[in-house]
Structure formats: C-alpha cells, structure tokens
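**Q** Can you read through this structure? Questions will come right after.
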Amino acid sequence: MSTSQTASMRTDSSGGSGRRLWIVARDEFALTLRRPMVWTLLVLLFLITWGMSEGVVQIVLGSGDASVGGKKAFVTSQFAVTQIMTVLSFGLYTFFVAAAAGLSVIRDDEARALEILNSTPLRPTEYAWGKFLGVSAAFLLVVAFHVALLILFLSVLPNADMQESRGPFALTNFLVPALVISVPSILFSAGVAFGIGTGTRRSILVFAAPIAVMMLCAFFLWSWSPAWLSESANRALMFADPAGTRWLRETYLEVDRGAEFYNTQRVGWESLIVANRLLWLAVGLATTWWGVRRFARTARASHRVSAAEVSTALASAAAAPLPVALTGAAASLATLQMTAAPHGWWATAWGGAKAEARELASRAGLYLFVPLIVLQLVGNSITLIGAFDTPLLLTPGQLAASQMQMMAVFVTLLLVFYGVESMERERATRLNAIHDTLPVNT
Amino acid sequence: MLAVRNLVKVYPGPVAALQGVSLDIPSGMFGLLGPNGAGKTTFMRILAGVLEPTSGSVHLDGLDVLANPDTLRASLGYLPQDFGFFPHLSGEAMLEYLLKLKGVGGPRGVRALAGELLERVNLAHAAKRKVKDYSGGMRQRLGIAQAIAGNPKLIIVDEPTAGLDPEERLRFYRLLAELAQERTVLLSTHIVEDVAVLCRRFAVIRGGQVVALTSPHEARSQLTGKVFEGDVSPEQLEEVRRTRRVTQAVLVEGRNRVRIFEESGLCPEGFEPVSGTLEDAYFLLMRAPALSASAIA
C-alpha cells in the first residue's frame, strides 16, 4: 500500500462510545430480523391471529368464552387482547427471545470474532449493550407487527361470521396490553437470557432460566390457588408472577363478570400490576447489567494470580529443561507394535456411551435442572388439594398419577437439551473433522 | 519506538508464559521468532491490548499503552493468530463494520475504502460473498485488510502467513514491507523464512524469555565457515548427535543428511563446508544452554 493511499485513510474518533454502540446495535438488529427463528415466530403469530379472526383459535385464561350462547364477548376488548398478549408473550415469545438474545455474544465468541473486536476502540461494554439493544429492538418490532396483525385481522378486515365477536375499534385496547404486558415480558426474557449467556458464555444455561421460570409459572404460580390462601399471600404470588397472568386471572377472570363487563370496561391497571411489570423489567435489565459487567471484566483477560504464584511459576520456568534436539526421530513406528482392528457395533456404542456419560456428568446445568425438577415435583405433591380444598393423602399411586405428566415434560425437556447438546458438541469443538474419519459405525 | 520492559505474564496454574521480556522495537519491520508455546502470542496479545500482563510496562512513542489502551487501539492494526469474523456478513460488509468501529474513513466513503482495501489484499472478487464461504487463506487476507486500515502507527501480525499459498505469501511480504517503511510492524512467526525475507532485526523467544536479539545478516555471519553437511547412516546418526552440535537432520532417500555446527571451523571427515542459514542459527539458539553473547546485539 503506497504512502498516498494510506494517507487518504483517516481515523475519526468523534462520536466515540455512542457511535460504536449504535453500529453494533444496528448490525445486531438487522441480523436478528434476518434470522429464520424470527420469521418462524412471525409466521406463527400470523397463523394464530388469522385463526382467531376465523374463530378456530381461542386464547382465554378463564372467562369471556365467546363460543357460548347469549351475548358474545368481544375478541377486540382490552380484556381479550390482554389475555392474548399475556399468554403469547410468555408462552411463545420467550423461547425465541431467549435463543436470540442469549446466544448473541456466544455466537460471536464461537466465531472467534471477539479477538479482533477487542483490538479496536470498541469497548466490551459498548459491544455487549449494543448487542442487547439490537436484539431487544428487533423483538419489540415483532410485537409492533403482532399488534398490527391483531388490528388488521380482528378489526379491519371484514368477516361476517365473526361480526358478533367484534366490538368497536379502540387503538388503546391493543396498545396498552402490548406496552404493559408484552414489552416488560420480552425485555425480561431477553435480559435474563442475554445476561446469563454473555456472563457465562454457556449456551445450555441460556435456556435454563426461561424454562425454570416457565415451569414455575405453569405448574404453580398460574394454577395453584386453594380457597384457604390468604389475600395477602395471593397478592404476593401475583407480584411474583413475571407474566402477570395470575393477577389477571385472580382479579378479573376467576369469577366471570359477564360479557357486558368485559366488552365495555377496560382493564384496571392497579399499582400491584404496574409494580410487577416494573420489577420484572428491572430484573431483566439487572441481569443484563450483570452479564455485561462480567463480560467486560473477562474480555481482556487479566488472570489475577498472587505474588506467591508468580514467584513459583517463574522459578519453575527457570528450572525447565532445554528443548531436546531431534530425539527419537529415527525410531521406527514398527517398534511400537501397533495393531488396528475396527471395533464392532456393541463395542463402539459402549465406548460412545461411556464417553457421553462422563461428559454429561461434567455438565453444570444438570446439577441445576435435576434439583429444580425434584423441588418442583415434591413441592407440588405436598400442596396437592382435593375437590373440597382438603389436603390429599399422599400415596405412591397418587403421587405417580398426579406428577406423571409434569415429570414426562421435564424429562423430555432434559433429553432434548442434552441430546441436542451432545450432537452439537463435536461440531462446536471442531472434533468432527477427525471424528467423521474414524472407522466408527455412525 | 516501542519500548517493552520486564514484561511478565503468569497464567493461573500457575504457568509463566513471559518471564520478564524487555525489548526496544524501532520503526520498521521487527520479527519475533520462536517455537510453538514460546510465549509469542501472549506477548503480541499484551501489546495489542487484548490481554493484561502480570507486570511490566509497554510504551509506544512515550505513551504508556497499558495505562491508555484506548489511545493505543486508535493507532493499532492487529492480526491475531486465531480469529474469525461474523459468518453472516459478506467480506465487504464485515470490513465496513470494522472500519466504522475503528472510526476509519476515506475521501470516497467507508464502503469505497473497504473495496479498495479488499483489492489491496486480492479479495475484491469475493467482496460480496459471505465470510462463512471463505477459504482459510481468504479469511486471512480479510484479516490483513482490517489490520492495515486507518494508517496505524503500530501493526501487530501474529503468524500471518499461515494458510497463505506461495503467491499470496509473496504478495503479503510485499505489502508488509511497504507498510514497514512508515511505521512499526511487529511480526510474530515460527517460520524462519518469514523473518529472513522481511525483517531487518528480530528477537528469538524461548520459554518466555528473549534469547537473542539480532539481524538475519548478523546471525548468518556468525556461522560462516562453521557449518558442515554430510550423509550418515542410521547407525551413525546417534553417535553424531552425541558428539556434535547437530542443527538439522533430514531423511533423504534412505540416508540421513545432517548439518552440524563446529565452533573450531574444522571440517569432520565425511562432511563438507556449507553456508550457514538462518534456520541453522535458529536451531542452535533453541538448543543453546545460555545466550550466545556474540549473537546478541
């Protein structure tokens, strides 16, 4: 490169931190929107919304059933849209958001792109916050698209069959639930997954938190409500629900108030639910902050060692033997008396199973998931109640019958996690280049 | 001038990767030669500001770069040994992204500059292809393009010719030589030829210590009249190894062609005098019990 050409390049540090963060966020935003998973989510949202407009899909948490006789509950009421947003934000969006946000930095790390990025003026905090903002903005755009779909299919496009289920159009019926329910839920999911992924760089842990929270919600917070539960305890559980589902159900849906009420009234966003949404939004952002801080601390590795360790290391390095010249180069491989005979199917499978078991035993996630599952099952069993809100006598049969479904879900999820992880390991560690050439029966 | 003083790096373990490296690296091309695991990459990563040392100091033209890493990065071009790019971006988009992060621009805009840089590294034809479809050599060239962007005062290249074919290697030599006319270029390699072709001066690092600081010419001249080559049978080879300072021994058509160094300059029977190469000097240094005073400037 000639002097004149290099001189024509200039380095401009104006704008600094904000400019670099914007560049990273913009790239991540564009990348997230190009991801097949986002398009899959968009297609699902489209199909669900279209199904709702045709009356073949219903999302209800406990009341306002529009299919029964009498006056129909409007699918366009704020209550109906709030139910839709509550269920979909936590039941559907979470997994897509967690995967996209949690793997954002891990993906760059696996692509070994961080070494060059670290040598640029880009600071680790700018990079990590830029990533989070980019991926979050992309999913907030998906929410906006979702709201637009709801308005289009439920209010704008004519549909004679559903005329009785449509109320007068009110933009706030769509916007307020999206802002109060969906936005905090998505930022919570994105923040927790991003924080864990960025802080630990362990992809398997990215999915642990959303799954654990989902299980806790589905099998406890949203369903467990015995008659003897005090009002204050119930409100505490409402506050603890990151989805806001328990609050909606217990406050408005548990006792049916009639279609007229749901069609004409708006959801009363009392201080409890506002505080709940702010809390979980803050939890998401706090987890992100933790992950970013941890990432920034480890990005330019300092490897703190004590003065004693430094002395020990320097002393042993000084005493290390010199490289030996060309030893053993002339020794023939024949002297090793090597033999080669490919193993049979059983021996190969047994060897693979042993290696897999050792790998599995070293997975930290397993020691998190299994106690969580046991805790959940035992907790649920202890609190089982009968038809008249009386405690049930716990017998082995009763326990098996009541927990069978939940157990099956948990174990299946574990198998899916570790099965996929096992298949991906060879590729991630780039062992497959060697592994695929071995005389091993696949 | 890059001044490095008593640089120590101890990894948890503890393992000492650098044991008090001190070097003055002038403007121009400077080589860092050493075997795998000698501490070259640790040294380069510290200079590039992506790794913190345990102790020591680094000054670039008087600026303490360890205390002011942001200032260093604005004037640094770095090609790591092990690196990657965003696979979803095209080569041009990736380079444009890095140029923007570095704050580098050109008279005709960032995109045009990215195109010109890609042309410089012979990658213009693949500018629109996704990085994930690049070969190892193409990725290396894209790495070189981002390293030379923005008129950096200091360019650090770690094992840059690995993965390049002979033609690309020559092209890269020329590019580095041109760049070194106006700035400090620090080249780390275990390929002796890289240093022989490119560097006016170089340091040899072994076990985290600098064992020689010299020039290719000085290193070769120390060997004049002291290197001999001969064929020996497999049975004789062990005896030669025990009694002589063997620099290289290769098996050619069933016979061991051995090069030895004789301090006295007396040619042993069955051997003939040959010109000493930089590789001979390198192997001697690697196996020397102490620093060769004559080889250190």
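**Q** Give the residue that is farthest from the other protein chains (Cβ to nearest Cβ), with candidates limited to residues of the range B:142-184 that are β-branched (Val, Ile, Thr) and in a loop (DSSP other than H, G, I, E, B).
**A** For the range B:142-184, the residue satisfying everything is B:Thr161.
**Q** Which one is farthest from the chain's Cα centre (by Cα), of the residues in the range A:201-251 that are among the hydroxyl-bearing types (Ser, Thr, Tyr), farther than 30 Å from A:Leu114 by Cβ and at pLDDT below 90?
**A** Across the range A:201-251, the extreme among qualifying residues is A:Ser225.
**Q** While we're on this one: When the residues of the range A:76-98 are filtered to those that are among the small types (Gly, Ala, Ser) and either surrounded by 20 or more Cβ atoms within 10 Å (Cβ to Cβ) or farther than 30 Å from A:Tyr262 by Cα (or both), which remaining residue is nearest to the other protein chains (Cβ to nearest Cβ)?
**A** A:Ala98
**Q** Let me ask another. Would you say B:Gly163 is at negative phi and not hydrophobic (A, V, I, L, M, F, W, C)?
**A** Judged against the criteria, B:Gly163 is not a match.
**Q** Does the range B:69-78 contain at least one residue that is at the interface with another protein chain (Cβ under 9 Å from one of its Cβ atoms), crowded, with 18+ Cβ neighbours inside 10 Å and among the charged types (D, E, K, R)?
**A** yes
**Q** Go through A:Phe207, A:Phe219, A:Phe174, A:Phe169 for me and flag whichever is among the hydrophobic types (A, V, I, L, M, F, W, C), assigned by TED's automatic domain parsing to the domain that holds A:Phe90 and closer than 30 Å to A:Pro391 by Cβ.
**A** Just a single option satisfies the conditions, and that option is A:Phe219.
**Q** For the range A:193-215, does any single residue satisfy the condition of being over 30 Å from A:Ile106 (Cα atoms) and of a type outside the set (D, E, K, R)?
**A** no
**Q** Working only within the range A:392-429, note down all residues that are out of contact with any helix residue (DSSP H, G or I) (no Cβ under 8 Å at 6 or more places or on another chain), of a type in the set (S, T, N, Q) and either under 30 Å from A:Ala111 (Cβ atoms) or part of a loop (DSSP other than H, G, I, E, B) (or both).
**A** Once the filter is applied, which keeps residues that are out of contact with any helix residue (DSSP H, G or I) (no Cβ under 8 Å at 6 or more places or on another chain), of a type in the set (S, T, N, Q) and either under 30 Å from A:Ala111 (Cβ atoms) or part of a loop (DSSP other than H, G, I, E, B) (or both), the range A:392-429 yields A:Thr395, A:Thr429.
**Q** Now for a separate question. I'd like to verify a number: residues in the range B:1-34 that are in contact with a strand residue (DSSP E or B) (Cβ under 7 Å, 6 or more places away or on another chain) and within 10 Å of chain A (Cβ to nearest Cβ), how many?
**A** Number satisfying all stated conditions: 9.
**Q** If you don't mind, there's one more thing I want to ask. Residues being without any contact (Cβ under 8 Å) to a residue 40 or more places away in the chain and more than 18 Å from A:Val183 (Cα to Cα): count how many of those fall in the range A:239-254.
**A** 2
**Q** Then there is this: Restricted to the range B:185-199, and to residues that are outside any loop (DSSP other than H, G, I, E, B) and not hydrophobic (A, V, I, L, M, F, W, C), which residue is surrounded by the fewest Cβ atoms within 10 Å (Cβ to Cβ)?
**A** So the residue we want is B:Glu193.
**Q** Identify all residues within the range B:75-100 that are without any contact (Cβ under 8 Å) to a residue 24 or more places away in the chain and hydrophobic (A, V, I, L, M, F, W, C); write none if there are none.
**A** B:Ala93
**Q** Restricting to the range A:412-431, name every residue that is without any contact (Cβ under 8 Å) to a residue 24 or more places away in the chain and over 17 Å from A:Ala349 (Cα atoms).
**A** Matches in the range A:412-431: A:Thr412, A:Leu415, A:Val416, A:Val420, A:Glu424, A:Arg427, A:Thr429, A:Arg430, A:Leu431.
Okay, residues lined up against (1) among the hydroxyl-bearing types (Ser, Thr, Tyr); (2) without any contact (Cβ under 8 Å) to a residue 60 or more places away in the chain; (3) within 7 Å of another protein chain (Cβ to nearest Cβ):
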residue	(1), (2), (3)
A:Ala100	no, no, no
A:Ser104	yes, no, no
A:Arg107	no, yes, no
A:Glu115	no, yes, yes
A:Ser119	yes, yes, yes
A:Glu126	no, no, no
A:Ala137	no, no, no
A:Val142	no, no, no
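**Q** Among residues belonging to the range A:199-234 that are within 19 Å of A:Glu421 (Cβ to Cβ) and among the polar types (S, T, N, Q), point out the one that is surrounded by the fewest Cβ atoms within 10 Å (Cβ to Cβ).
**A** A:Thr200
**Q** Something else now. Pick from B:Pro216, B:Pro234, B:Pro268: which is on the phi < 0 side of the Ramachandran plot and in contact (Cβ under 8 Å) with a residue 60 or more places away in the chain?
**A** Result of the check over B:Pro216, B:Pro234, B:Pro268: B:Pro216.
**Q** Within the range A:142-175, track down each residue that is modelled with pLDDT under 95, surrounded by 13 or more Cβ atoms within 10 Å (Cβ to Cβ) and of a type in the set (Gly, Ala, Ser).
**A** Those that are modelled with pLDDT under 95, surrounded by 13 or more Cβ atoms within 10 Å (Cβ to Cβ) and of a type in the set (Gly, Ala, Ser): A:Ser155, A:Ser165, A:Gly167, A:Ala170.
**Q** Output the residues belonging to the range A:410-442 that are surrounded by fewer than 14 Cβ atoms within 10 Å (Cβ to Cβ) and touching a Phe, Trp or Tyr at 6+ places or on another chain (Cβ under 9 Å).
**A** Selection gives A:Asn441 alone.
Listed here are the residues, each with its yes/no results for (1) in contact with a Leu (Cβ under 7 Å, 6 or more places away or on another chain); (2) outside any loop (DSSP other than H, G, I, E, B); (3) modelled with pLDDT under 85.
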{"residue": "A:Ile273", "(1), (2), (3)": "no, yes, no"}
{"residue": "A:Leu281", "(1), (2), (3)": "yes, yes, no"}
{"residue": "A:Val292", "(1), (2), (3)": "no, yes, no"}
{"residue": "A:Phe295", "(1), (2), (3)": "no, yes, no"}
{"residue": "A:Val305", "(1), (2), (3)": "no, no, yes"}
{"residue": "A:Ser316", "(1), (2), (3)": "no, yes, yes"}
{"residue": "A:Ala330", "(1), (2), (3)": "yes, no, yes"}
{"residue": "A:Thr335", "(1), (2), (3)": "no, yes, yes"}
{"residue": "A:Thr339", "(1), (2), (3)": "no, no, yes"}
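**Q** Filter the range B:87-100 down to residues that are surrounded by fewer than 21 Cβ atoms within 10 Å (Cβ to Cβ) and within 7 Å of chain A (Cβ to nearest Cβ), then give me how many there are.
**A** Number satisfying all stated conditions: 2.
**Q** I'd like the full set of residues that are hydrophobic (A, V, I, L, M, F, W, C) and either loosely packed, with under 14 Cβ neighbours inside 10 Å or at pLDDT below 90 (or both), limited to the range B:249-266.
**A** Across the range B:249-266, the qualifying residues are B:Ala249, B:Val250, B:Leu251, B:Val252, B:Leu266.
The values are calculated or read from the model by the stated rules, or taken from the named source; none is laboratory data. Worth saying up front: this structure is predicted, and the values here are computed from it rather than measured. Cβ: placed from backbone, ideal geometry, glycine included. Neighbour counts: every protein chain shown.
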